[in-house]
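The next block holds one structure in the form of structure tokens; read it before the comments.
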Amino acid sequence: MGRLNTFPRTFWVANTLELFERWAWYGFFMLFANYLTGSSDLGGLEFSQSQKGLIMGVGTGILYFLPVLTGAIADRYGYKKVLALAFVIYASAFILFPQFSSFGAVFGMYIYLAVGAALFKPVISATIAKTTNEKNSSIGFGIFYMMVNIGAFIGPLITLLFKGDSQYIFYISAGIILLNLVLLVFYNEPPRNEVNTKESIWQTFGTIFRNMGSIFKDVKFLVFLLIVAGFWTMYNQLFFTLPVFISQWVDTSVLYNFFDTYIPFVSANYSPAPGVLDAEFITNMDAMFIIMFQLVVSTIVMRMKPLKSMMSGFLVCAIGMALTLVSQNVLFTIVAILIFGLGEMAGSPKITEYIGRIAPPDKKALYMGYSFIPVFIGNILAGFISGNVYQAMSDKVSFTEQFVAEKGLQIADGLSTNAYFEEVARQVEMTPQALTNLLWDTYHPSNLWMVILAIGVAAAFALYVYDRVTSK
């Protein structure tokens with residue numbers, strides 16, 4: 001308790017801002033994939049998987065690329081001003097989002113939202129760094145990451161209550177962000193990095209890109225970043241692919257019946273139809289597992305070298321994510337999410353630690369600043385996997401259309417995705433679940449697991465080779 005008293009007020013304000021921002025972000029982002037591709041009668045936009053992958057991959061990639069520039073903006077114009085601008089962009093984007101339904105407009109609005117998030121990210125991380133010291137930084141960042149996971153867990157649970165009216169998903173997130181605007185009154189500006197005021201912001205950006213070029217001359221660092229990009233490609237399937245896969249293929253009736261018997265609040269509020277649980281409710285268990293087990297896992301891997309911990313984490317993560325795509329049994333899926341989460345907890349935190357170790361003493365801040373590169377690349381590649389690859393290998397809508405063509409069925413135009421599927425089931429005299437099972441057995445959508453596992457195993461093996469080479 002005495003250690004907690006060493007943190008200034010701004011530290012606690014920053015953590016609260018982070019909690020609400022993650023609440024707002026994951027409250028919409030966990031539901032975003034199914035919002036883009038879901039049936040129109042459930043509030044979805046019925047985009048193709050390829051369109052979804054492009055929006056989420058490129059948009060989220062931009063979000064993780066921009067902080068290297070927005071951090072410089074914050075240093076020049078002030079943290080508090082940039083935070084206020086971030087929250088205004090955030091809130092306005094969430095409010096405007098439901099008004100658009102065309103691919104181009106939704107893509108543009110998501111990039112606009114990403115700009116708000118990119119303005120927020122470097123400022124809040126810098127604030128935590130500047131309000132902690134060598135004695136309390138470990139517990140300080142522990143508190144910070146705890147806030148991240150609490151927000152990530154709470155957000156989807158709240159917005160899922162209003163999934164039937166998809167516009168409220170965005171309005172709730174907007175409301176949470178507006179709370180941050182109020183909290184900003186209590187935020188005191190920490191000391192900022194000195195900037196050359198004689199240099200224009202564009203000259204500053206030029207310097208940043210020149211520094212980026214110098215980073216690329218460090219072959220060891222560059223190879224490491226490319227390997228880690230493989231991990232993020234596989235990891236992001238938790239948000240890009242898994243909610244859609246569960247919604248399309250996994251039979252959640254067993255879990256629904258359990259909750260309906262013992263915790264009826266869940267079956268009443270997290271179910272789009274009788275016998276079905278929201279896919280995002282199941283996917284959100286990853287955040288719950290992190291809250292439950294992060295301390296235990298961190299204690300276990302604490303004494304491991306970062307590369308060894310990352311190798312183990314990447315491999316376990318890949319196995320877990322691959323297993324989520326193997327079965328239609330929801331209990332199997334939950335166990336697979338737990339395996340994935342354990343790998344995530346072992347590997348992900350060690351990435352930052354390792355970058356800090358290999359960076360030259362006079363370039364630690366520079367190297368840490370460019371640790372966004374694998375996240376950026378990973379999001380772009382994850383968008384392709386969850387888009388084009390998923391549509392070709394696992395998309396239920398595509399398989400249904402192929403089935404209709406093969407059977408020579410005549411289906412009326414203008415039907416929603418769900419109505420189309422139900423009409424196909426009616427014409428072949430099957431229940432929707434029986435037709436889903438037939439498509440599963442006929443077209444083998446679970447084969448996607450091999451792609452995901454290959455990416456994760458390749459990253460883990462490349463890290464093993466990297467370790468053997470660099471250790472010499």
Discussion item. Which lysines, if any, have their Cα less than 19 Å from the Cα of LYS308, not counting same-chain residues under 8 positions apart?
Written reply: LYS220, LYS350, LYS472
Discussion item. Which of the three applies to segment 393-452, rounded, prolate or oblate, going by the alpha-carbon gyration tensor with a ≥ b ≥ c and a/c under 1.5 meaning rounded?
Written reply: prolate
Worksheet item: Taking a ≥ b ≥ c as the square roots of the eigenvalues of the Cα gyration tensor of segment 1-210, is the shape rounded (a/c under 1.5), prolate (a/b larger than b/c) or oblate?
Response: oblate
Practice prompt. Check segment 1-210 and count each lysine pair with an alpha-carbon distance under 15 angstrom, considering only pairs eight or more places apart or from different chains.
Written response: 4
Worksheet item: Going highest first, how would you order 145-154, 327-336 by mean Cβ packing within 10 Å?
Response: 145-154, 327-336
Worksheet item: Which shape class, rounded, prolate or oblate, goes with segment 370-472 when its Cα gyration tensor gives a ≥ b ≥ c as root eigenvalues, a/c under 1.5 marks rounded, and past that a/b bigger than b/c marks prolate?
Response: prolate
Worksheet, complete the sentence: Relative to the chain, whose Cα atoms define the longest principal axis, helix 137-159 and its Cα axis are tilted in degrees, nearest 10, by 30 degrees
Worksheet item: Cα axis of helix 201-215 to longest principal axis of the chain: angle in degrees, 0 to 90, nearest 10?
Response: 80 degrees
Practice prompt. Tell me the Kirkwood hydrodynamic radius of the chain in angstroms, computed as one over the mean inverse distance between distinct C-alpha pairs.
Written response: 23.4 Å
Worksheet item: Relative to the longest principal Cα axis of the chain, at what angle does helix 417-427 sit, 0 to 90 degrees, rounded to 10?
Response: 20 degrees
Worksheet item: Could you put LYS121, LYS220 in order, starting from the residue whose Cβ has the fewest other Cβ atoms within 10 Å?
Response: LYS220, LYS121
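Values in this text are rule-based calculations from the coordinates and carry no lab data. Bear in mind the structure is a predicted one, so any value in this text is a computation, not a measurement. We place every Cβ from the backbone using ideal geometry, glycine too, and count neighbours over all the protein chains shown.
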